[in-house]
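To start, the structure under review is shown below, and the notes come after it.
The values are calculated or read from the model by the stated rules, or taken from the named source; none is laboratory data. These numbers were taken from a predicted model, which means no experiment stands behind them. Note that each Cβ is placed from the backbone with ideal geometry, even for glycine, and that neighbours are counted across all protein chains shown.
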Amino acid sequence: MNPKISVIVPLFKTERFVEKCVRSVMEQSFTDIEILCIDDCSPDNSALIVRRLATEDRRIKLIHHMENRGLGGARNTGILHAKAPYIASVDSDDYIAPTMLEALYAGTQDGHFDVVVSGYERVDETGKVLSKHMQSVRSLDPIPDDQDPYKIANPAFWNKLWRTSLYIENEIFFPDHIYYQDAATTPRIFAYAKNVNVIGGVYYKYLVRSDSVTNKTSDKHKLDKYRELDFVKDFFIQRGLYGKYHDAFSRRVFETYKNHFATIVDGKRALDEGSLRYLRYLLLMRESYLHLDDAIRGMTIEELTRAFEDGGADIRRLALEKKTVAIDGVPPRIVRPWSRTPDVSVLTLHSGENEFAQSKQSLENQNYKRWTHKVFSGLGNVESHQALYNEIMDNSGRYHIFLKLDADMVFADETVLEEIVKRFNSDPELDHFVVACDDWMTGKQIIGVHAFSNRVSWNISAEGLFVDPSPKRPGKRVIVERTDRAYFYHSPDPSPFQAFHFGAHRALKLCQRNRPYEEKRADAMNAQWDVFFNVWNRFMETGDERLGLALVACHLVVSGDLGEGVHDYKDPQLLDAFKQHEHSTAAEMMSLLEPFWKTRSSRQTYFAQAVGPDGLRKMEEDRVLRKKGKAKRSDGSRKTEGGMAKKARFSESDERIRSRVKFRIYRAALSPFIDTTLKLKLQEKPTVFFLDAKHPALRFGRWLHRNDLPLDLQGR
């Protein structure tokens, strides 16, 4: 059986102390342990002493490094070799009280706590106690979300019991060959630990030696202060935690230099010129790190080059321009250099969709595996979206990317999540990525899937209709309305009730009946009308009763028989209406719907009924504003009204042509005989394609689609 605690003892130049250290572990009252002694190429007899002790105690394992890796590297070797669920560590010049491991293991409370902390005392080589620390008793269960990771306990690795998986599963290890490696590692672990138990007592004996690294003033000590901070800061940035811990980290920068400064001053009776110069360097380093590092991290290679070449470059002004310095109320800007493997939170809104199991399976099949999944079920439309947005903002420090899905969204293949991650990794300014999905109801690509960086935020409101507001973001949004490949399939196999709800929900967005005039959205009216027009065309082509049910639900909303609450799946009025129509045949539904959808004039009348007089007025107002906005070309000249109208007619014609089955048949038949350029033109601009047709086969296509062209173009 595996031991319950793995005790790590790094060995390097401590032959005077190592036997006392290892024997203090061997003589513990808690015996279910292994003792991992890591020989880091020690040039003295430390390893020989441990080998002799191993003949007395089979729990001792001596592991040799082939090259020196420093104290941090030796600890990493111990962590990777540990077989126990918990690890402890004793530096080979220190020693521990006989009951320390027993007290620490009891403090886990049968494995509940991730970290258990004991008190310690500083002693000299004679055993005289110089000071005692961490004797109070307390616990954080769970660790509060806003807890400063530097304030939980001292950063030392050695007076604690750690859950081994905190290091292994989160890929957190000590840096090699630097001083202050504990301070570079412990806060990273506390960022992931769920809870901590401080048991007090004085168990660990920390030996204070005259050659302690904290009393040194070498150049390596100066640089390693930078490196210590950078290890933590890089980690927080890469894991999406920097926004959460920005203030705590800034305090740490200030305090760590202040404490190092004080230690050097207190440790010297008289400061020589070299020490004074060193202290000046420390102060310069602290101030530059606090105020300029974020700005410099955000510089491009061109900006860095200019800064080095131009001796007069004002880096502090650059910091202000990049908004990385908190001066005069300007908040720090979180620069977003990510690791290549960011953490993704997939958030699914579930209301009983038929494709939910298929959606979950398609997520499980993704090649990219660094994700977690949370489902929001049993909530109303407004409540579920509010919960989702709060989830994103509450966990902005834990995840890099958030992917919002409805339960009827199915990944098209196993590479989709990987490609979305690549989008964010390749563009540090990207905060909101929107991609179209292939929609079964319309037979078209529609906007449906949103991915956010951890920098976005929302002002949560009780908006009941348009529940997907654009977030506030420091960077940019990219919308992909047309894709060459499928990313997601939307509602590929809806239930009849799901289709009915689809029609009712979108009809509410079409009508916007109870919204104040100034809040009506003309773009949404147009978009939803296009959706229903495409559903109508598919219903005529396929006769699928689910499409008919969507159109019936739309009609019930337009006619006023269904109210504003039907955007929720559990709305009683929606359920009753569905029961009345769920057994209708396609022919019966066609008979009901044809008077409104069959002809162009009937559709125009129906649209006017749906949006109402205020809606028509709002759309005309919006059209005029858009026309004014687009009238000026980039060179200041104006487009003609005729050109604008012609473009609008072409766009409308393109949409009608592409919706026809005969167009898809014609395109497939013609495909082997035309080049890539013509294929693209046929798909993207079919009106122009047919009007420009020269070959008889192409002119035949124009004749097929004559009725789809604008009236003034049909005779050309």
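A few points about this structure:
- Residues in segment 240-257 include at least one that is over 31 Å from the mean Cα position of the chain (by Cα) and surrounded by 19 or more Cβ atoms within 10 Å (Cβ to Cβ).
- Filtered residues of segment 137-152 (kept if buried (at least 18 other Cβ atoms within 10 Å of the Cβ) and in a strand (DSSP E or B)): Leu140
- Cβ-Cβ under 7 Å pairs, at least 6 apart or on other chains, segment 78-107 side under 15 Å from Val22 (Cα atoms), far side of a type in the set (D, E, K, R): Ser89/Arg75; Asp93/Arg209; Asp94/Lys205; Tyr95/Lys20; Tyr95/Lys205; Ile96/Lys205; Pro98/Glu27
Rundown of residues vs (1) under 37 Å from the mean Cα position of the chain (by Cα); (2) surrounded by 16 or more Cβ atoms within 10 Å (Cβ to Cβ); (3) closer than 16 Å to Thr164 by Cα, yes/no style:
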| site | (1), (2), (3) |
| --- | --- |
| Met1 | no, no, no |
| Thr14 | no, yes, no |
| Arg23 | no, no, no |
| Glu27 | no, no, no |
| Asn45 | no, no, no |
| Leu48 | no, no, no |
| Arg51 | no, no, no |
| Gly70 | yes, yes, no |
| Ile79 | yes, yes, yes |
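- Some residue of segment 114-136 being of a type in the set (Ser, Thr, Tyr), over 30 Å from the mean Cα position of the chain (by Cα) and either crowded, with 24+ Cβ neighbours inside 10 Å or at pLDDT 95 or above (or both): yes
- Of the residues making up segment 394-416, those that are buried (at least 16 other Cβ atoms within 10 Å of the Cβ), under 12 Å from the mean Cα position of the chain (by Cα) and not hydroxyl-bearing (Ser, Thr, Tyr) are Asn395, Gly397, Arg398, His400, Ile401, Phe402, Leu403, Lys404.
- Scanning segment 292-304 turns up one or more residues that are within 27 Å of Phe231 (Cβ to Cβ), modelled with pLDDT of 75 or more and part of a helix (DSSP H, G or I).
- Residue in segment 117-126 that is nearest to Val202 (Cα to Cα), counting only those that are assigned to a loop (DSSP other than H, G, I, E, B) and in contact (Cβ under 8 Å) with a residue 12 or more places away in the chain: Asp124
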